[in-house]
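In what follows, a structure is listed as structure tokens, so that the remarks can point back to it.
The values are calculated or read from the model by the stated rules, or taken from the named source; none is laboratory data. All values reported here derive from a predicted model rather than from experimental measurement. Reconstructed Cβ throughout: ideal geometry from the backbone, glycine too, with neighbour counts over all protein chains shown.
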Amino acid sequence: MRFLISHFIPDYQDIQNSKVREKYGNLTSTIGILCNVFLCLGKFIVAAIVNSVSISADAINNLSDAGSSLISLISFKLASKPADEEHPFGHARYEYIASMLVAVLILFLGIELVSSSVDKIINPGAITFSVIPVIILTVSIVVKFWMFSYNRHYGKLLNSTVMEATAADSISDCLATGAVLASTCISPLIHFNLDGYMGIAVAFFIIMTGAKIVKETLDRLLGSSPNQEDVNKIVQLLKGHEGVLGIHDLMIHDYGAQKRFGSVHVEVSGNEDIFVSHDMIDNMEREIQEKLGVQMVIHMDPIDVDDEEINEMRNYVKQMIVTIDPLLSIHDFRMVRGNTHTNLIFDCLVPHKVTLSNAAILDAIKANVAQLEKTYYVVVTFDRAYTSDIKEAK
């Protein structure tokens, strides 16, 4: 596969280029179409000769895979379209839609195969053995494993959901065809027709693969949280700047491969020259874009670091909040002093794993603060996390 890529894609190393991604997609999809059509024709011919429903079903599976590769070919073309007035974030999510179509085709095939396999179990037919089916099924397994290998490798390299879906489908096909091969070889030995039962097994593999692709693609379409590795990298880059005192409210939006946007709040000293802090923010945004490919917008939160009472209360609240639940954290802490009372104003970040309600957390905060000083009132804004817990980032 590497030879074909280097021959047909001269600039194959420039994977950040959308045109190069399109060429990868065109090549891998075209190879997928040719391989699946070849396997489909071979299996249909053999299935007709030996009257096997499982081999016939495997041939239909290859035909659907050829259709899936055609969908992939079209999706890479559509996804490479540049952003326009109506779609300012580009068209990369076409790949997600294509993955969903592939999954629907796979599920439809699996359900149809269950029906035909049940019929074969009821009406098993005569048991025959031929070397030709064994040869074509063995070739199919080898070809499908090769397709799985290159689709998985380049799917991860290009961050392509369509290629990853194709890889999952290919390994499922290896297992399914292996079951058919086992049926072809074992049935004559035990004098019992396993054709229909193996058809059910093939259908199971196919349906499980389709369901997995549906879930993974649906997660991306709905907007899943970024993985912890990406969060760690962003946090490392931000904390690498000397003026950063804290980080919170990190969000990352995924609009498809190489189309990620994000925002985060960065705490800085209120005593620092605003132009110096702003220059640091600009540098951080540029660094994240260049190193991680995420277009980041950073909001600057000034923190009063010289007021001893504020610092003492901030540290108290930070330590107190984790006694309510270790996953809780606070940010944007302020004190507004008055003649009769002092307001402690802050945001409380509540990860989705926390089972306590906001009301229960607020009551616990009020009770703890009241024990310290009755003239302290708390004004809390509750935030929900849009990423993995930032406190886990190294």
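Small (Gly, Ala, Ser), in contact (Cβ under 8 Å) with a residue 12 or more places away in the chain and surrounded by fewer than 20 Cβ atoms within 10 Å (Cβ to Cβ): is that true of GLY155 in this structure? Taking the combined requirement at face value, the residue does not satisfy it.
Would it be correct to say that LEU101 is buried (at least 17 other Cβ atoms within 10 Å of the Cβ), out of contact with any Phe, Trp or Tyr (no Cβ under 9 Å at 6 or more places or on another chain), within 30 Å of ASP219 (Cα to Cα) and free of Cβ contacts under 8 Å to residues at least 60 places away in the same chain? In short, yes.
Taking into account only those residues within the stretch 259-271 that are in a loop (DSSP other than H, G, I, E, B) and surrounded by fewer than 17 Cβ atoms within 10 Å (Cβ to Cβ), which is nearest to the chain's Cα centre (by Cα)? Let's see the steps before the verdict.
Kept after step one, since they are in a loop (DSSP other than H, G, I, E, B), are these residues of the stretch 259-271: 259, 270-271.
Now drop any that are not surrounded by fewer than 17 Cβ atoms within 10 Å (Cβ to Cβ), which leaves 270-271.
Working: GLY270: 39, ASN271: 42 Å.
Checked the stretch 259-271; the qualifying residue nearest to the chain's Cα centre (by Cα) is GLY270.
Does the stretch 313-320 contain any residue that is within 33 Å of the chain's Cα centre (by Cα) and hydroxyl-bearing (Ser, Thr, Tyr)? No, there is no match, as no residue in the stretch 313-320 is within 33 Å of the chain's Cα centre (by Cα) and hydroxyl-bearing (Ser, Thr, Tyr).
For (1) assigned by TED's automatic domain parsing to the domain that holds MET163; (2) surrounded by fewer than 18 Cβ atoms within 10 Å (Cβ to Cβ); (3) within 23 Å of the chain's Cα centre (by Cα); (4) at pLDDT below 80, each residue gets a yes or a no:
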position: PRO10; (1), (2), (3), (4): yes, yes, no, yes
position: TYR24; (1), (2), (3), (4): yes, no, yes, no
position: SER29; (1), (2), (3), (4): yes, no, yes, no
position: ILE45; (1), (2), (3), (4): yes, yes, no, no
position: SER52; (1), (2), (3), (4): yes, no, no, yes
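For the stretch 169-178, a tally of residues being more than 17 Å from ILE135 (Cβ to Cβ) and surrounded by fewer than 24 Cβ atoms within 10 Å (Cβ to Cβ) returns 2.
Give me the residue from the stretch 75-96 that is touching a residue at least 40 places away in the same chain (Cβ under 8 Å) and assigned to a helix (DSSP H, G or I) and, out of that set, surrounded by the fewest Cβ atoms within 10 Å (Cβ to Cβ). My answer is LYS77. Check whether at least one residue in the stretch 173-184 is under 36 Å from the mean Cα position of the chain (by Cα), closer than 30 Å to TYR12 by Cα and assigned by TED's automatic domain parsing to the domain that holds ASP58, and report yes or no. Yes, the stretch 173-184 contains at least one residue that is under 36 Å from the mean Cα position of the chain (by Cα), closer than 30 Å to TYR12 by Cα and assigned by TED's automatic domain parsing to the domain that holds ASP58.
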